[in-house]
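Read through the structure below, which is laid out as structure tokens, and then see the notes.
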Amino acid sequence: MVKPVPEENLPNPEQMLKNLMSAAKNDAVILSFLDGRQLRGGLLVNPIQRTGLLYDLESETRIDWRVEEIADVEPIV
């Protein structure tokens, strides 16, 4: 079962945006959402609109997100 991130563990949106922009330089990331989902794929970030896109070329899927929905980002090296 997927568990949402507790209120006290919510990330700072400004710091998360910096982390996302840094992680977007990698070929793939694991993106963790506040609702508990963890998805893997390539990352595109639009810092001005504070939104982005997680894509998976193999399955031809994409997930649009807002920075306020993101709990963590982990680059895959």
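Convert each backbone phi in region 27-38 into a coupling constant with the Karplus relation 6.51 cos²θ - 1.76 cosθ + 1.60 (shift: θ = phi - 60°), then list the ³J(HN,Hα) values in order as whole Hz, x for Gly and Pro.
In residue order, the calculated couplings are 5, 8, 9, 10, 9, 9, 9, 4, 7, x, 5, 10 Hz.
Residues with amide H under 5 Å of residue 28's amide H, sequence separation 5 or more or different chain, H placed in the peptide plane at 1.01 Å from N; which?
76
For residue 21, project a label point 7 Å along Cα to C-beta. Then give me every residue of region 34-55 with its amide nitrogen under 15 Å of that point.
Counting only backbone N, you get 44-52.
Taking 0.36 nm per intervening residue step and subtracting the Cα-Cα distance, what contour gain separates residue 60 from residue 76 on full extension? Write down the numbers at each step before the final one.
Working: separation 16, 0.36 × 16 = 5.76 nm, distance 1.92 nm.
That pair, residue 60 and residue 76, stretches by 3.8 nm at full extension.
Considering the chain as a Gaussian network with a 10 Å cut-off on Cα pairs, which listed residue, 53, 20, 31, attains the greatest mean-square fluctuation?
With Cα springs under 10 Å in the chain, the top fluctuation among 53, 20, 31 is at 53.
Hey, what does the equivalent ellipsoid look like for the chain, semi-axes from the Cα gyration tensor as sqrt of 5 times each eigenvalue, largest first, whole Å? The partial results should precede the final answer.
On the way: eigenvalues 68, 46, 24 Å².
Over the Cα atoms of the chain, the semi-axes work out to 18, 15, 11 Å.
Ordered by residue, what ³J(HN,Hα) values in Hz, to whole numbers, does region 67-77 give under the Karplus form 6.51 cos²θ - 1.76 cosθ + 1.60, where θ = phi - 60° and Gly and Pro are x?
Karplus values, whole Hz, x for Gly and Pro: 4, 5, 8, 9, 9, 6, 9, 10, x, 9, 9.
Laboratory data are not the source of any read-out in this text; all were calculated from the coordinates shown. Note that the structure is predicted; figures quoted are calculated from it, not measured. For neighbour counting, all protein chains shown are included, and Cβ atoms are generated from backbone atoms with ideal geometry for every residue, glycine included.
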